[in-house]
Structures are given as C-alpha cells and as structure tokens.
Amino acid sequence: MKRSVIQIANSTSLVSLPIKWCKAYGVKKGDEVEVSIEGTRVIITTDRGIVTQKAEFSYSDYGILGPRLLYALYKRGVDEIMVHFDGVDVLTQIQEAIRKESVGYEIIKQGPTSCVIKSVTSETDAFETLMKRTLSVLETMATTTLQQLRSNNFSHLKSTAFLEETNNRFTTLMRRHLNKKGYTDASSLGSMYVIVEQLEKIADEYKYICAYFYSQSPTKMKIGDDLLIMLEKVNTLLTLFMEAMNKLQPEKITIIGNTRKDVVDTYYKRVLKPLRPEEIVLLHSIITIAQQIFCLIGPLFIVHAGKLTTRQIENL
C-alpha cells in the first residue's frame, strides 16, 4: 500500500499507520512502537501480540486430520476455538491432541457435543530460548540413538523416541510465536519458520529409528559398522548446524557440504550391496536426515545475511 508523507515544520515527516494493522495488534494513541531502518526500508514493530483470534469447526468433518487442524490453529496464533464433535470418544481424542503439542491450550467449557478450547497462558519464553531447548533435545535424540544402536541395547530407545513429543511442543510453540509476534528480523521470518518446520521433521526421523529398533529383538538385529559410521557423520552434520545457528562460520558450513556429499556417495554404493531389513530401515533414515539438515543451509544463509559483511559473503 502507498501512503503520502505529511510534512510538519522543517524537520518532521509523518506517515499514518494502517488501521487494519493497528486493530490487529491493539495499537492506539499514546502507545510506543519500535522503529528501525534497513536500507531503503523503515520497519515499525510492536511487542504486542495479535488481539484474541477465535475459530470454530466440526472435528468430525476432518476425520483423522482433526488433530492437525487443531495444531494449525495453535501455530497460527488462535486463542479460542469452539469445536463441535460426536461422542465422548472424540472428546478424548481432542484432549489428547491439545495435551501433546499445544502448550497453554485448555478446555474451559464442555458439553455433550461441543467444547471451547482457550489459551490460558501467555507465551513468555523468548524465541531464542525455545530454539536452544529444541536443538538440545534434538542433539540428545541423535546421540542416544547412536549409542544404543552401537551397544546393541535397544531398551532406552523407547524413552528416546518420546523426546520427539518434547521437540514437537517446542517447535509448535515457536511457530505460534512467529505467527503471533513475528521475528526480530522481519525479512527472515519466513526462513526461520522453514528452519523450525525442518527441525521437527528431523526429530520425527530419529523417532522412526528408535520406534523400529525398540520393537525388535536385539539378538536378531545386525547393523554393519559402516552404517553406524554414516549415522555418526549425520549426527556431526546436526552439531555443525547447531553451531552455525549461533555464528555462521564458512569453514563449518563447508564441512557440512562435504560431509553430506560423502554420506550421499556412500549411500549409493551401499544400496548396491546386500542389506538386512533393519539396515534398510536405518539407511533410509540416514540419507533422509542428511538431506533434511543440508536443506537447512539455504534458509540459514537468509537468516544470517543481514549480519554478514561483504568480505564474509565473498568467503562463502
């Protein structure tokens, strides 16, 4: 949208704020906003979240995807939802869905065919804090998975798999934060959202490894040392990415690229050799995680782009 600049005296130029934005964030006369300058852009932000958003839907209309719609509304920043349903069994599914991933959502009203879900807490944790917790959980999943597979002791893999639910709660809350409050660098919001989504998918893949192996008998499983070395390299990719989140170091980014290429080359050679069923499962997850981590580099570059000097960009 275009706005005309109003001149007051000789030193002050004014531009009116869009009323739709002011209403969405509850900005009114006398409130303070943050004004920052990025090249030709002047960015105005507020620390207020979007005013209460409400939604209503019939759970049965979406079948097994009902929980996913609840999660989507949560991520969007909706604060109150009227859900219509059929039967107490469906209500139990709704309760389980909000328990697993929607931090702060509670059922505040409940009837035989409907309930009202409302956000009863304010998301006070800073985005950076949530990111650190997410990466810490993910690193624990990666390390423990490798240790248990190497020792051929799968008993702890079940508890490791449950860490994926913790990861889901953090990544879901981060996406709600981004949709509701934005990101410190507005031009990087989309890229940061992609990073968060990808971190959830990586945790899913480690969970799949754990779930498969803890359901099997260790005495019947045999994993080649070469596959465990591949998994170790993939875990190294994750560690390097975590370090790059804090500071983009060209040498470490280069190692990520080279290590990923090595994993892919090894994968193509390994699939041509005889594989046991458990090795097929593990090999699939290894190459998937390697690709998922590598695909984080593009959005990571965008997030860090504003911090890079010309010389740093040339070094990349």
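Only the coordinates and a few stated rules stand behind these numbers; no lab work does. Note that the coordinates shown come from a computational prediction; the quantities given were computed from them, not determined experimentally. Please note: Cβ atoms are built from the backbone with ideal geometry, for glycine as well, and neighbour counts cover all protein chains shown.
Before moving on, here are some points about what is shown:
- Distance histogram in 10 Å bins (all Cα pairs of the chain, percent per bin): 5, 21, 25, 23, 16, 7, 2, 0, 0
- Karplus-derived 3J(HN,Hα), 6.51/-1.76/1.60, for each residue of segment 245-256, Hz, glycine and proline x: 4, 7, 8, 7, 9, x, 5, 6, 5, 4, 4, 4
- Taking the chain as a Gaussian network of alpha-carbon nodes connected by springs under 10 Å, the highest mean-square fluctuation of the residues PRO218, PRO67, PRO112 belongs to PRO112.
- Normalising the average separation of contacting C-alpha pairs (under 8 angstrom, six or more residues apart) by the number of residues puts the relative contact order of segment 54-119 at 35 percent.
- The amide H of SER58, built 1.01 Å from its N in the peptide plane, has HIS84 as neighbours under 5 Å, considering only residues 5 or more places off or on other chains.
- Neighbours of THR92, meaning other residues whose beta-carbon lies under 14 angstrom from its beta-carbon, give a summed charge of -1 when Lys and Arg score +1 and Asp and Glu score -1.
- For LEU238, LEU65, order by how many other beta-carbon atoms lie within 10 Å, fewest first: LEU65, LEU238
- Taking a Cβ cut-off of under 11 Å around VAL234, the surrounding Lys, Arg, Asp and Glu residues balance to a net charge of -1, with basic ones at +1 and acidic ones at -1.
- Local electrostatic count, LYS54, Cβ distance below 11 Å [Lys/Arg +1, Asp/Glu -1]: -2
- Averaging Cα coordinates gives a centre for segment 249-295 and one for segment 173-209; these two points are 23 Å apart.
- Nearest-ten-degree value, helix 189-214 long axis tilted from longest Cα axis of the chain: 30
- Computed log₁₀ I(q)/I(0) - Debye formula, equal Cα scatterers, no solvent, segment 54-119, q 0.28, 0.29 Å⁻¹: -1.51, -1.64
- For segment 161-282, the Cα-based Rg and Dmax, in that order, read 17.5, 53 Å.
- Pairs from LYS207/LYS247; LYS233/LYS269; LYS2/LYS180; LYS207/LYS269; LYS100/LYS158 whose Cα-Cα separation, in the structure shown, is over 19 Å: LYS207/LYS247; LYS2/LYS180; LYS207/LYS269
- Assuming charge only on the beta carbon of Lys and Arg (+1) and of Asp and Glu (-1), the dipole of segment 54-119 about its Cα centre is about 240 debye to the nearest 20.
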